[in-house]
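What follows is calculated from the coordinates using simple rules that are stated; it is not laboratory data. All values reported here derive from a predicted model rather than from experimental measurement. Please note: Cβ atoms are built from the backbone with ideal geometry, for glycine as well, and neighbour counts cover all protein chains shown.
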């Protein structure tokens, strides 16, 4: 199976057997981070917007915080030439020059296609042209492919075959390209996504910029943690932080939960119109470190009482990151019992959003949590 990480390397693994180490063995060791055009721009994406976004990723500090993939979603595709090679449409006059510009900013460029004849927006898909498209992507300098199942029907074996075919075509080019499978969690993709070359796979339908939809997706990821790890990640869809449909506490819940889930952190907002608080959320290094922890463990729910949920993610240094999530409409005091997270006696607690040491606590930690909000702490046994 192929696995890729944000450093731009492709890892090939085959379940049940060991392969010799290659230059491709170092991709997606932590969840990919970057930006995707669809959530905010949809079909309005073009060359200039991509260039402006590249500039903004650098100017805002997002690139230095880890957001390195700049991914063009659907609607870039033009017609095929007489030999069957895909061309970009008039919105993207020179894709190779665009990739060079993005690379010059210390970023990586991603693109979008579908294993169907047409993409979800009705543009040219890759069916029957997998090797040609892979060669074209490599020639342009593409580093990431979102491969979107836009067919209304298809068996499990057809899905596996389609994704394997593109994975093999990408591998054949010799260029490391992250393969993101987008098929909405059908047929339990987490069971087989890695075996067909996926480095990440969508586990849900599309996210929308509202608390109800985000919470339903995020909190329903519990139970999938055993399928995630370095090189292969569950993907609950892109971030909506900063798009305006949720308040600050709800966006902080969104970002905290995705980090505990070791989910890809793919921003989807207009970087030219960020509030200071949006930028603060997206660039909080301590919360990003939870997502990017090298142990590569996806967190899970350890306690629940009605709308109050406690989630925990084990970290490489032995500490435990705990999220106290309040899903009701009023503030409430919540508690995590240390025995629930495998800690006995006394432990130090640090608030990752306030970025402050809270002191030492014995047996439990409690805090008031705002409505639809979170308190995110790092707990370390003493």
For a protection proxy built on the mean count of beta-carbon atoms within 10 angstrom, sort 351-359, 244-252, 339-347, 159-167 highest first, please.
159-167, 244-252, 339-347, 351-359
Ratio of the Cα radius of gyration of the stretch 108-190 to 2.2 N^0.38 Å, where N counts its residues:
1.02
Taking the Cβ-Cβ separation of residue 295 and residue 340 as r and a Förster radius of 25 Å, what is the calculated FRET efficiency to the nearest 0.05?
0.85
Among 58, 70, rank each residue by its count of other Cβ atoms within 10 Å, from fewest to most, as a rough exposure measure.
58, 70
Computed from every Cα-Cα pair in the stretch 300-381, P(r) in 10 Å bins starting at 0 and rounded to whole percents is 20, 56, 23, 1
How fast does the stretch 205-363 diffuse by Stokes-Einstein, in µm²/s, taking the Kirkwood radius from C-alpha pairs at 25 °C and 0.890 mPa s?
151
Helix 130-140 sits at what angle to the longest principal axis of the chain, using alpha carbons and giving 0 to 90 degrees rounded to 10?
80
In degrees from 0 to 90, rounded to the nearest 10, what is the angle of the helix 156-173 Cα long axis to the longest principal axis of the chain?
70
Suppose the chain between residue 329 and residue 285 were pulled fully straight at 0.36 nm per residue; how much longer would it get relative to their current alpha carbon spacing?
13.0 nm
Kindly state, to the nearest 0.05, the FRET efficiency for residue 156 paired with residue 248, given R0 = 35 Å and r defined as their beta-carbon distance.
0.25
Just to be sure I understand the model, the point goes 7 Å from the Cα along the line to the Cβ. What's the resulting residue 317 to residue 184 distance in nm?
4.2
With labels modelled as points extended 7 Å from the Cα through the Cβ direction, what inter-label distance (nm, one decimal) is found for residue 55 paired with residue 277?
2.8
Starting from the 7 Å offset along Cα-to-Cβ, what nm value, one decimal, do you get for the label separation of residue 97 and residue 48?
1.4
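Tally the DSSP beta bridges in the stretch 41-157 and give the antiparallel ones as a percent, rounded to 5.
30
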Compute the helix-to-body angle for 248-260: its Cα long axis versus the longest principal axis of the chain, expressed 0 to 90° and rounded to tens.
80
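Can you tell me, using C-alpha contacts under 8 Å and at least 6 residues apart, the relative contact order of the stretch 300-381 as a whole percent?
Details: 188 pairs, mean separation 27.3, N = 82.
Computed value for the stretch 300-381: 33 percent relative contact order.
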per DSSP, antiparallel bridges as share of beta bridges in the stretch 198-328, % nearest 5, sits at 80
Counting DSSP beta bridges with both ends in the chain, the antiparallel % (nearest 5):
65
So if I take the centroid of the Cα atoms in the stretch 173-250 and the same for the stretch 341-380, what is the distance between those two points in Å?
27
